[in-house]
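Following: one structure in structure tokens, then a few remarks.
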Amino acid sequence: MALLEVSGLRTTFHIGVGTVQAVRGISFHVDKGEFIGIVGESGSGKSVTMLSVMGLLPQYAEVKADSIRFDGRELSQMSPRELRSLHGKEIGMIFQDPMTSLNPLFTVENQMVEPLRIHLGMSRERARLRALELLHQVEIPNPEQRLRQYPHEFSGGMRQRVMIAIAIACSPKMVIADEPTTALDVTIQAQILELLENLKREMNTSVVMITHDLGVIASMCSRILVMYGGVICEEGSVRDIFYRARHPYTWGLLNSIPRIHHDSHEKLVPIRGTPPDMLKPPEGCPFAPRCQYCMPVCRRYMAPPTDLGDGHLVHCHLMHPKAPKVERGGLQHD
Amino acid sequence: MLQYILKRLLAGVLTIVVLITVAFFMMHAMPGGPFSPDEQKNVPPEILERLAASYGLDKPVFQQYIEYWKGLFRGDLGISFKKTDTTVNSIIATHFPVSARVGAIAVVISLLIGIPLGLVSAIHRGKAADFATMAFATIGISVPVFVISVILLWLFAQKLQWLPSFGLTSWQHYILPVACLSFNPIAYIARQTRSSMLEALEQDYIRTARAKGVSELMVVAKHALKNALTPVITYLGPLVAGLLTGSFVVERFFSVPGIGRYFVQSVSDRDYTMIMGIVIFFGIFVVICNLISDILLALVDPRVKLSK
């Protein structure tokens, strides 16, 4: 059953030189207890999508959607006050850079008890006890002492644990993790991912993981959305994306994952060209200028979704019965 | 903490010693003097010579310097050359509190008006309130205090006759001098608060606070404001030192019997002991104010360490 259902989401930023069309009409859903990944390169609109759902974008952003339904309620019709009552309570959020995501002038305790006091009306004492429990849950040693410390006394990984503790403080129905490991060392990355997975299992929370690293989510997600140029180009289960991908952009992403276990001296294949300028996004498929299988139609029209079964959706003209038959292997022999 | 304060005080003492030395020799290097025959044309030169000798001015400058230090160690700043019956110590003791009182009110007013102005302008960025505030702040920073003083004096004391123009005998008397003194600081603090507030509101931790469901009021008043105020605290040291030691212009225009006017007057009078006395006093005051604002900053911002 869908916890979050977004349809026709468009987000634009009005800046001095024009209008940036960051998200251009995307629809997706997140099921209850599902671990879903949104993948794409920088500027593909993956973070903006989730920030739009949360209503956390700056004022110069304009969010339009046919509907954003969360747990049976329509978020796009909510007042800021109603939205706030969901933030931190039913939807928790973890951000990319733990070094700057905590307020440097307040103790960790002060920042941890905030959602508990606001949403659950806890007393200072109860909130403190709950904060201790949470620090324990995210495996921070010496929680008693840690609570009294300031963020600058924590390492990056520890700060991200604090962020996770804050995000799950009120046992939310959904946690949005926006590149939670990008700013961390590889070993710490693994620990944080493991922690997220454990928490998801214990609390049965839906997790939306935003990342540019397919490798990070391969083992954790049940479903993956691949975004490019503000639209979704392919979505499906992890198996669909890793073994049965049909969109040339997804192939490009897969070919650029380094594999340490492979004996062969396989070359990493970069995707040639640069992402589209979102001030003037292309009329047709945003990937067309970089796609080696690009057909004339690709430059004119966006491809409709093709359902390959079990929720594997591909937005590509190559799916048309009259289009040339292309396989992923073709890319590698290039 | 205590060690830090002691270190800073020791550094302050060194600063003051250098200040005294430089000021003393520069003062004597200026052509002319309190009893120079060129300036005191109606006094017979013999009398001027005897006067100079009685103040020890006939001795070599270096010896006078030593003599001055001896006085300082006794806590004696000497006798004013112009007001021959009063010591510099007593002049400072009677006139500094007047300046300090007016200045302290000006500091409080500057903060009470400047910070909210900056906040309003940052929150309503790009809107009418922002433009109005920043237009006022630009005027406040660029118009010199003597122009402000003349305008306010003319408008409120002469034209409208709402407020008295000189002296400090009732609370109404404080309004104009305080207004003139706080004009520039209000503008400066408003601009500073606005820009640091805008910067703070862009930070990731503000987004975190919003994602926690913190109300907009608390986001601004708690998470952003505390961060935005650190530059203002840094400015507080020089501000307090500057305002409490009085302003020559304002005290002159509004006939406030403060210490600020004595400073300028003593220079043109060549009142050597007075110049030195006020330089030392102001120097110590600035050192202490800066120390206090640094300590305050460390109390607000846990990342600032007072150990170095």
Divide by every residue of the protein assembly as shown the summed helix terms, -39500 (n - 2.57) for each DSSP H run of at least 4, and state the resulting mean residue ellipticity at 222 nm, rounded to the nearest 500 deg cm²/dmol. -15500 deg cm²/dmol
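Would you please calculate the Kirkwood hydrodynamic radius of the protein assembly as shown over all C-alpha pairs and express it in Å, rounded to one decimal?
Working: mean 1/r = 0.0331 Å⁻¹.
30.2 Å is the Kirkwood radius here.
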I want to verify a result. In a Gaussian network model of chain A, Cα cutoff 10 Å, which of these has the top mean-square fluctuation: A:D97, A:D66, A:D240? A:D66
For the stretch A:9-22, what does the Karplus curve 6.51 cos²θ - 1.76 cosθ + 1.60, with θ = phi - 60°, yield as ³J(HN,Hα) per residue in whole Hz, taken in order and with x for Gly and Pro? 7, 10, 10, 10, 10, 8, 10, x, 7, x, 10, 8, 8, 6
Cα centroid of the stretch A:89-109 to Cα centroid of the stretch B:242-294, whole Å: 48
Over chain B, what is the relative contact order in whole percent, taking alpha-carbon pairs under 8 Å and six or more residues apart? 26
The stretch B:190-207 - phi-based ³J(HN,Hα) in whole Hz, Karplus 6.51/-1.76/1.60, Gly and Pro as x: 4, 5, 5, 4, 4, 5, 6, 5, 4, 5, 4, 5, 8, 6, 4, 5, 5, 4
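Around A:V186, with a cut-off of 14 angstrom between Cβ atoms, what is the net charge of the other residues, counting Lys and Arg +1 and Asp and Glu -1? If you can, show how the numbers build up before the last one.
Working: positive: none; negative: A:D185, A:E194, A:D213.
Neighbour charge sum, excluding A:V186 itself: -3.
Which of rounded, prolate, oblate describes the stretch A:115-222, given a ≥ b ≥ c as roots of the alpha-carbon gyration tensor eigenvalues and a/c under 1.5 marking rounded, otherwise prolate only if a/b is larger than b/c?
Numbers: a/c = 2.27, a/b = 1.42, b/c = 1.60.
Cα axes put the stretch A:115-222 in the oblate bin.
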For peptide A:93-103, the mean count of other chain Cβ atoms within 10 Å per residue Cβ is 4
What's the magnitude of the charge dipole for the protein assembly as shown around its Cα centre, counting Lys and Arg as +1 and Asp and Glu as -1 at the beta-carbon? Answer in Debye, nearest 20. 640
So for the stretch B:88-300, what are the equivalent ellipsoid semi-axes in whole Å, largest first, each being the square root of 5 times an eigenvalue of the Cα gyration tensor? 36, 22, 13
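Average partner chain C-beta neighbours within 10 Å, per residue of B:200-206? If you can, show how the numbers build up before the last one.
Values: counts 2, 1, 1, 4, 9, 10, 2.
Counting other chains' Cβ atoms within 10 Å and averaging over B:200-206 gives 4.
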Go ahead and run the numbers for FRET between B:Y4 and A:A2, Cβ-Cβ distance against an R0 of 45 Å, rounding to 0.05. 0.15
Which of A:P58, A:V20, A:Q189, positive extreme of dipole for the stretch A:2-221 (C-beta unit charges): A:P58
May I ask which residue of A:A218, A:Q292, A:L129 lies farthest towards the positive end of the charge dipole of chain A, with charges of +1 (Lys, Arg) and -1 (Asp, Glu) on Cβ and the Cα centre as origin? A:Q292
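Give the order of A:D185, B:D204 when sorted by the count of other beta carbons within 10 angstrom, beginning with the fewest.
On the way: A:D185 12, B:D204 16.
Least crowded to most crowded, the residues run A:D185, B:D204.
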To the nearest 0.05, what FRET efficiency results for B:Q265 and B:Q161 with a Förster distance of 22 Å applied to their C-beta separation? 0.15
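Within 10 Å, at most 10 other Cβ atoms, and a DSSP state outside H, G, I, E, B define an exposed site. Report the longest part of chain A free of exposed trypsin sites (Lys or Arg not before Pro). Walk me through the numbers on the way to the answer.
Details: sites that count: A:R259, A:K267, A:K322, A:K325.
Answer - A:1-258.
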In the neighborhood of B:T245, defined by Cβ-to-Cβ distances under 15 Å, what is the net charge if each Lys or Arg adds +1 and each Asp or Glu adds -1? +2
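Charges at C-beta only: +1 for Lys and Arg, -1 for Asp and Glu. How large is the resulting dipole of the stretch B:179-262 about its Cα centre, in Debye rounded to 20?
Its charge dipole is roughly 80 debye.
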Pseudo-spin-label distance B:A132 to A:V326, built 7 Å along Cα→Cβ, given in nm, is 6.0
Which residues' amide hydrogens lie under 5 Å from the amide hydrogen of A:M122, considering only partners 5 or more residues apart or on another chain, with H built in the peptide plane? A:R117
Need one number: nm distance between label points at B:K59 and B:K305, each 7 Å from Cα along Cα→Cβ, rounded to one decimal. 4.9
For A:I210, list long-range residues whose amide hydrogen, built 1.01 Å from N in the peptide plane, is under 5 Å from its own amide hydrogen. A:I38, A:A177, A:D178, A:E179
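As a footprinting exposure proxy, order A:V20, B:V240 by other Cβ within 10 Å, with the fewest listed first. Don't jump to the answer; show the numbers that get you there.
Values: A:V20 21, B:V240 24.
With the sparsest Cβ surroundings first, the list reads A:V20, B:V240.
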Work out how much length B:E39 to B:I139 would gain on full extension: take 0.36 nm times their residue separation and subtract the Cα-Cα distance, in nm to one decimal. 31.9 nm
Phi to ³J(HN,Hα) by Karplus 6.51 cos²θ - 1.76 cosθ + 1.60 over the stretch B:70-86, Hz, x for Gly, Pro: 4, x, 4, 5, 8, x, 10, 8, x, 9, 4, 6, 8, 8, 4, 9, 10
Choose one of B:L299, B:G32, B:A128: the residue whose Cα lies farthest towards the positive end of the charge dipole of the protein assembly as shown (beta-carbon charges +1 Lys, Arg; -1 Asp, Glu; about the Cα centre). B:A128
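For chain A, give the magnitude of the charge dipole about the Cα centre (Cβ charges: +1 Lys/Arg, -1 Asp/Glu; no others), in debye to the nearest 20. Numbers along the way, then the final one.
On the way: 36 positive and 36 negative charges, 110 e Å.
Dipole magnitude for chain A comes out near 520 debye.
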Quick check on chain A: what does the Kirkwood estimate of hydrodynamic radius come out to from the alpha carbon pairs, in Å? 21.1
Taking H placed 1.01 Å from N in the peptide plane, check which residues at least 5 places from A:F35 or on another chain put their amide H under 5 Å from its amide H. A:V207, A:S222, A:R223
Listing A:D307, B:D38, B:D271 by rising number of other beta-carbon atoms within 10 angstrom, fewest first, gives B:D38, A:D307, B:D271
Packing-based order for B:294-301, A:37-44, using average beta carbon neighbours within 10 Å, highest first: A:37-44, B:294-301
Cα-only radius of gyration and Dmax that characterise the stretch B:2-73, units Å: 17.2, 58
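FYI, it's all coordinate maths here, none of it is from the lab. All of these numbers come straight from a predicted model, not from anything done at the bench. Quick reminder, even Gly has a Cβ in these numbers, built from the backbone with ideal geometry, and neighbours come from all protein chains shown.
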